[in-house]
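What follows is a set of notes on a single structure, which appears directly below.
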Amino acid sequence: MESPEARLHATVKGMVQGVGFRYWTRGEADRLGLVGSAGNRLDGTVEIVAEGNLDDVEQFLKWLQSGDTPGRVDGVEATIGPPTGEFTRFSVW
């Protein structure tokens, strides 16, 4: 049985701007079949929204927290809730 759809909203702190982090994030989201977006915020963090299968969303969050990303992740604030269906692909802004 497939898990339900979910939405991740995450803020990633650390050295995550200017190191290709958003593009690696898009690559991982594409690999997992997730849709959403990733963008730089003025405070130096990266904001990520990803929607898809709950198992894949949870795996994506673990990847964000793993240290296997470009740059240096010092922390990830995240919530998982119901999807909105507003995305058709994963984009970088």
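Being surrounded by fewer than 12 Cβ atoms within 10 Å (Cβ to Cβ) and among the acidic types (Asp, Glu) holds for only one residue in 28, 47, 77, and it is 77. Considering the conditions (1) β-branched (Val, Ile, Thr); (2) in a strand (DSSP E or B); (3) under 11 Å from the mean Cα position of the chain (by Cα), residue 73 is excluded by exactly one of them, (3). Residue 25 passes every criterion in (1) under 15 Å from residue 87 (Cβ atoms); (2) assigned to a strand (DSSP E or B) apart from (2).
Kindly indicate whether residue 39 is assigned to a strand (DSSP E or B) and either open to solvent by 60 Å² or more (accessible area, probe 1.4 Å) or in contact with a Phe, Trp or Tyr (Cβ under 8 Å, 6 or more places away or on another chain) (or both). Break it down into steps so the answer makes sense when it comes.
Numbers: assigned to a strand (DSSP E or B): yes; either open to solvent by 60 Å² or more (accessible area, probe 1.4 Å) or in contact with a Phe, Trp or Tyr (Cβ under 8 Å, 6 or more places away or on another chain) (or both): yes.
Against the criterion (assigned to a strand (DSSP E or B) and either open to solvent by 60 Å² or more (accessible area, probe 1.4 Å) or in contact with a Phe, Trp or Tyr (Cβ under 8 Å, 6 or more places away or on another chain) (or both)), residue 39 qualifies.
Does residue 66 meet the test of being open to solvent by 30 Å² or more (accessible area, probe 1.4 Å) and modelled with pLDDT under 95? Taking the combined requirement at face value, the residue satisfies it. Based on this model, can you work out whether residue 6 counts as part of a strand (DSSP E or B) and open to solvent by less than 50 Å² (accessible area, probe 1.4 Å)? Judged against the criteria, residue 6 is a match.
For the condition closer than 18 Å to residue 81 by Cα, small (Gly, Ala, Ser) and out of contact with any Lys or Arg (no Cβ under 9 Å at 6 or more places or on another chain), what is the one hit in 38, 10?
Working: 38 fails: out of contact with any Lys or Arg (no Cβ under 9 Å at 6 or more places or on another chain).
Criteria check complete, one pass: 10.
The values are calculated or read from the model by the stated rules, or taken from the named source; none is laboratory data. Only a predicted model underlies this, so the values are computations on that prediction, with no experimental measurement involved. Quick reminder, even Gly has a Cβ in these numbers, built from the backbone with ideal geometry, and neighbours come from all protein chains shown. When the accessible area is computed, the model is the full protein with side chains, heavy atoms only, and any ligands, DNA or RNA have been set aside. Shrake-Rupley method; radii C 1.70, N 1.55, O 1.52, S 1.80 Å.
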